[in-house]
Structure formats: structure tokens, C-alpha cells
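Have a look at the structure below, then the notes.
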Amino acid sequence: RQSSAPRRVALAADAQNRWLWRFSPRRLEAESVRDAMLSASGELDTQMFGRYVPTKRRPDGNVVIEESQRGARRRGIYLQQRRTQVNSLLALFDAPSMVSTCGDRNRSTVPLQSLALLNSAFVRQRAMGMAERILGEYPTEESDRITHAFRLALGRLPVSVERAATVEFLEKQRMVYATNADPDRRIWTDFCQMLFASNAFLYVE
């Protein structure tokens with residue numbers, strides 16, 4: 001139950017946190033990143049047991065779960081595990097390879113992770129699902145939409161700085177999509193994707 005907030009005096013004395021004066025922020029494991037997106041969008045399939053969900057290697061080399069196949073939104077624990085065909089999104093977030101045993105997972109932070117969160121079709125689809133969920137549950141009140149989005153993605157309310165930044169972002173996106181059909185859906189999809197790409201979503205504090 002420790003806070004992970006840094007303190008100047010403590011950082012000066014123990015920057016590496018060897019003496020455990022705070023909780024070291026911990027990134028979600030690969031499967032949890034995927035499952036948390038599905039949960040926030042309201043699409044997570046909680047069915048237990050049964051056959052695995054097969055992966056597919058696309059011509060571009062990416063290994064994916066086809067959206068149209070049965071069980072595509074089941075938890076990561078039910079995805080097919082093959083030595084030569086690890087789901088690309090999970091591999092980027094340090095899912096272990098089946099080639100050898102893994103006593104402890106790595107937790108890397110690399111640019112490809114951010115690029116995947118910006119460009120992955122899976123992430124974009126989950127953002128669209130979350131946006132549709134928010135717009136459906138709060139059809140008119142923007143303030144309630146913001147609060148609900150933070151609760152769904154981060155499990156907490158936005159602080160004042162975050163709320164102000166969100167309002168500014170939504171206003172700017174409203175100008176970008178002014179001439180597009182269904183601008184609200186596009187605006188909130190962008191915002192939900194931004195939440196998925198944030199450290200607050202990826203790390204447990």
C-alpha cells in the first residue's frame with residue numbers, strides 16, 4: 001500500500017529504491033495490457049476453459065488474432081502459444097518466448113511499444129469500442145464522459161490538470177474533425193487511444 005510518488009530527500013539518499021521507501025512503478029505484463037484494453041472497451045470475453053484461440057501470421061510478418069474468429073476477445077491466457085508464432089503485440093511487451101524456459105520476465109521500455117500503441121489495429125479497435133461504450137452510456141454530458149473514461153482505463157478519477165488537458169485535447173480534435181461524419185466517435189476514439197498509450201494505463205503505481 002505504499003505510494004510510488006517520489007520524495008526529494010529520499011531520492012537523494014536512495015535513488016534506486018534499494019531500501020524500499022516507495023513502491024517502484026511496475027508495468028503490466030503483456031497479457032494484462034491486452035486484457036485491460038478489452039475490459040475498458042467492454043469487449044472482454046470472460047468465458048473460461050475450452051480450446052485455445054489460434055494466432056495467424058500475416059504477410060507483413062505480424063502475428064495477430066483475427067477479429068472475426070470465434071474467441072478473438074478472450075483473455076490472453078487462452079491465446080495459442082507457439083515457439084515460432086508469438087502474438088506481435090504481446091511479444092513487444094515482453095511476453096516470454098516458448099523457445100526456452102523463463103524464470104522471470106523482462107520488463108523493457110522501448111520505442112516500438114509506443115509505436116504499436118499508436119499504430120496497432122488491435123489498439124485502435126479497442127479504443128473505438130471504448131469510445132462507443134462511453135458515448136452510449138453518457139450521450140450528452142462531456143464532463144461525465146471524461147470521468148467515466150478515466151475510471152474505465154485507469155481505475156481512478158482524473159486530477160484537475162488531467163481534466164483540463166483532456167478538455168483542451170477534445171476541443172482541438174473537434175476542430176480537426178469539424179467536417180467529418182460522426183465527429184464525436186472519432187474524437188473519443190482518439191482520446192481513448194491516448195489513454196491506452198499513457199504511463200498511467202501501462203504502469204501500476
>> Please compute the length gained on full extension between Lys56 and Trp19, using 0.36 nm multiplied by the number of residues separating them and subtracting their Cα-Cα distance.
In response: 8.8 nm
>> Explain nothing, just the number: dipole magnitude of region 128-176 about its Cα centre with +1 on each Lys and Arg Cβ and -1 on each Asp and Glu Cβ, in debye rounded to the nearest 20.
In response: 140 debye
> region 118-205: which trypsin sites (Lys or Arg not before Pro) are DSSP loop and have at most 12 other beta-carbon atoms within 10 angstrom?
Replying inline: Arg156
> If region 116-162 were replaced by its equivalent ellipsoid, with semi-axes equal to the square roots of 5 times the Cα gyration tensor eigenvalues, what would those be, largest first, whole Å?
Replying inline: 20, 15, 8
> Got a sec? Charge dipole of the chain, +1 on Cβ for Lys and Arg, -1 for Asp and Glu; which of Met128, Leu44, Ala181 is way out at the positive end?
Replying inline: Leu44
> Distance in nm between label sites at Ala181 and Ser160, each 7 Å beyond Cα in the beta-carbon direction?
Replying inline: 4.3 nm
> Once amide H atoms are placed 1.01 Å from N in the peptide plane, what residues at a sequence separation of 5 or more from Val53, or on another chain, have their amide H within under 5 Å of its amide H?
Replying inline: Leu79, Gln80
> Name the residues of region 1-23 whose amide N is less than 13 Å from a point 7 angstrom out from the Cα of Val204 along the C-beta direction?
Replying inline: 1-2, 23
> region 99-203: which GluC sites (Glu not before Pro) are DSSP loop and have at most 12 other beta-carbon atoms within 10 angstrom?
Replying inline: Glu141
> Convex hull volume of the Cα atoms in region 75-157, per residue, in Å³?
Replying inline: 137 Å³
> In terms of the ratio Rg/(2.2 N^0.38 Å) built on C-alpha atoms, what value belongs to region 166-205?
Replying inline: 1.33
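Using a 1.4 Å probe on the protein chains only, how many percent of the accessible area of the chain belongs to carbon and sulfur?
Carbon and sulfur: 52 percent of the exposed surface of the chain.
The values are calculated or read from the model by the stated rules, or taken from the named source; none is laboratory data. No experiment lies behind these values; they were computed from the predicted model shown. Because the Cβ atoms are built from the backbone with ideal geometry, glycine has one as well, and the counts that use them run over all protein chains shown. Quick note on the areas: whole protein, heavy atoms, side chains included, nothing else; ligands and nucleic acids left out. Shrake-Rupley method; radii C 1.70, N 1.55, O 1.52, S 1.80 Å.
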